[in-house]
Amino acid sequence: MNLHKFLNLRYANKEDFNNLDNFLQWFMTSIALELDLVQQVEEYWAKSHHNSKIKCRKCFERYVLPGDKPLAIALDEVDRLFPYQEIAAAVPTLLRVEGRDCRDTLNQPHCCRG
């Protein structure tokens with residue numbers, strides 16, 4: 001059985017769209033909230049000295065994807081990203097790369113679809 005989660009971007013505040021770092025932190029925290037992983041993700045985010053793209057990737061690898069069920073995340077109101085060029089350009093690429101990398105890293109072709 002697959003695990004399906006929905007993330008609606010209307011719940012992001014204006015401050016979450018200030019820059020890519022803020023958005024990715026909101027994004028990861030929101031996913032973590034859906035999966036009951038908030039403490040682990042927030043602790044990792046606070047302790048890590050990497051940039052937000054690496055933090056996001058590592059949070060997926062360490063906490064979100066290693067579960068025993070394949071995960072599908074549906075994003076709603078994605079059009080809210082369009083006015084924010086840096087975020088709109090980075091997020092789809094990051095998710096595509098994450099999908100490819102998770103299959104390679106976890107050696108599980110079903111873990112996510114990029």
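Name the long-range amide H neighbours of L3: under 5 Å, sequence gap of 5 or more, or other chain; modelled H, no Pro or chain starts.
Here the answer is L71, A72, since their amide H atoms fall under 5 Å of that of L3.
What does a probe at E34 reach in region 5-23, counting residues whose amide N is under 13 Å from the point 7 Å along Cα→Cβ?
Under cut-off, by backbone N: 5-12.
Going by the alpha-carbon gyration tensor, a ≥ b ≥ c the square roots of its eigenvalues, is region 3-106 rounded (a/c under 1.5) or, if a/c is not under 1.5, prolate (a/b greater than b/c) versus oblate?
Details: a/c = 1.42, a/b = 1.29, b/c = 1.09.
Cα axes put region 3-106 in the rounded bin.
Looking at region 3-106, how many pairs of lysines come closer than 23 Å at the Cα, when each pair is eight or more places apart or spans two chains?
Lysine pairs meeting both conditions in region 3-106 amount to 11.
Multiplying the sequence separation of T93 and E43 by 0.36 nm and subtracting their Cα-Cα distance, what value in nm do you get? Spell out each step's value before the answer.
Numbers: separation 50, 0.36 × 50 = 18.00 nm, distance 2.53 nm.
Extending this stretch completely gives an extra 15.5 nm.
Tell me which GluC sites (Glu not before Pro) from region 1-79 have a DSSP coil assignment and no more than 14 other beta carbons within 10 Å of their own.
Numbers: sites: E15, E34, E42, E43, E61, E77; in loops: E77.
Counting only loop positions with at most 14 other Cβ atoms within 10 Å, the GluC sites (Glu not before Pro) in region 1-79 are E77.
Read-outs throughout are calculated quantities, based only on the coordinates presented, and are distinct from any laboratory measurement. Small disclaimer: the values here were computed from a predicted structure and weren't measured. Quick reminder, even Gly has a Cβ in these numbers, built from the backbone with ideal geometry, and neighbours come from all protein chains shown.
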